[in-house]
Structures are given as C-alpha cells and as structure tokens.
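The block underneath contains the structure these notes are about, expressed in structure tokens.
The values are calculated or read from the model by the stated rules, or taken from the named source; none is laboratory data. Just so you know, these numbers come straight off a predicted model, no measurement behind them. Reconstructed Cβ throughout: ideal geometry from the backbone, glycine too, with neighbour counts over all protein chains shown.
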Amino acid sequence: QKEVEQDPGPLSVPEGAIVSLNCTYSNSAFQYFMWYRQYSRKGPELLMYTYSSGNKEDGRFTAQVDKSSKYISLFIRDSQPSDSATYLCARLSNTDKLIFGTGTRLQVFP
Amino acid sequence: ETGVTQSPTHLIKTRGQQVTLRCSSQSGHNTVSWYQQALGQGPQFIFQYYREEENGRGNFPPRFSGLQFPNYSSELNVNALELDDSALYLCASSVQGNSPLHFGNGTRLTVT
C-alpha cells in the first residue's frame, strides 16, 4: 500500500461546479498535509497546508483533514477553467520530506 | 522576492552519460530538496541538503549525488544515466524545520 493514495482522474466538471479532490494516507505518525497545484510544464505550486484535523479555508479553496478515517480533501468552489491542472496531495514526514500522491488531473470546461 | 530557479529547462542525454542540474533557492531559504517526477506520477524525494550537508535521502542509488553551496544554491548530479532516469527533476527550497516547500519549474531530462 502506498503511503498516500490519490485517484489519478481525469476529473472533468463544468465551470461553476464544486470540485472535491481526495486522498487517503496510511501512516498516522505525522500529520502535516499539503495541497499543490501543478500546471502543465510547471513545478508544483503550494495551495494550502494544514496540520491535524479540521478545515482550513482560503478564498475558493477549503482543505479538510479527517484523522479518524485518514482522509484528506480539497474543495474548490465556483471552479474556473483556470483551475484546470493536476492537484497533488502530500504528507510531510518526520524527516522533513514530502510524500506525494500520484496527482488528480482536473479539467474545468466553460 | 526571487523564487526557486532551475537550469537548464530541458536536456537530452544518452544512456551512460553524466548530467548536472542546477538550482537557486528562494531568498532566505537555507534548505534545498530534490525530487524526481516521472510522467503521470507524483514527485519522489531524492535527497535534501542543509548547511551544505546531505540531510536525508530517498530510495535512489548512489549515482544520484548532490551539492549545496554557501549561497544555498544546489546541484544534482546523475552518473551512468539510464533510460528510466527520464523525468522532470524538481528543486524545492524551504527554511529548515519550517515547511512548506516552494518548487521551481524543474528540468525535463530525456535519456535516449
């Protein structure tokens, strides 16, 4: 079992939809999570990071961590075509390295 | 504030050759990490440097090596290139013990 599992998609939604992106993780030892957005031919760009359970909101983006089910989610409200990208979830290990999922490719069509 | 910059952006090498990739850290960041991202996959941790010393290594063979310089810039060297080394190589900088990591746009390496 991979440490961080993520559905690769692709996920295709109409403009304005609410998008839900999900990851599961297997190691409970360290619970610092991040979401990165990666456009084609670019490096990952940090969207949000969160520690422990609960929600964190930033504009149209909400990150959610559920420790009991080892589930992390990213919600995008009022999705835009410019949100079309690959979304990577990651867990920070206790040795300061990021463990990434495979990424979910999102396509928002007008 | 200058972000993480990597050079070159693209590179084509032949199997068995050696390659050096370069990275300039974001201003104020003292830690640099290197990741390998194969097509359709998430980045995989190669190693991290802090104060010019290797500070953690992923599951990569010794032919992957690195350096960090006093100005916190860094190099990734790969010897005896193999076809499977074809990937996007990402550099990320951070402040030690204080995430998050900020990535450059990577170097696309193709090994033929």
* Pull up the range A:39-59, narrow it to residues that are among the basic types (K, R) and either more than 10 Å from chain B (Cβ to nearest Cβ) or surrounded by 12 or more Cβ atoms within 10 Å (Cβ to Cβ) (or both), then point me to the one that is nearest to B:Y89 (Cα to Cα). => A:K42
* Asked: Out of curiosity, is B:T9 modelled with pLDDT under 95 and either closer than 23 Å to A:L98 by Cβ or of a type outside the set (F, W, Y) (or both)?
  -> no
* Structure fact -> If we ask which residues in the range B:23-42 are exposed (fewer than 15 other Cβ atoms within 10 Å of the Cβ) and at pLDDT 95 or above, their number turns out to be 1
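Checking the conditions here, which among B:Y50, B:Y72, B:Y89 is crowded, with 17+ Cβ neighbours inside 10 Å and under 18 Å from A:N94 (Cα atoms)?
Every option except B:Y50 fails the conditions.
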* Find the strands (runs of 3 or more DSSP E) located wholly in the range A:31-110 whose residues include 3 or more that are touching a residue at least 60 places away in the same chain (Cβ under 8 Å), and list them. => A:32-38, A:85-92, A:98-100, A:104-109
* For A:R77, state whether it is farther than 12 Å from A:L106 by Cβ, touching an Asp or Glu at 6+ places or on another chain (Cβ under 8 Å), modelled with pLDDT of 90 or more and surrounded by fewer than 16 Cβ atoms within 10 Å (Cβ to Cβ). => no
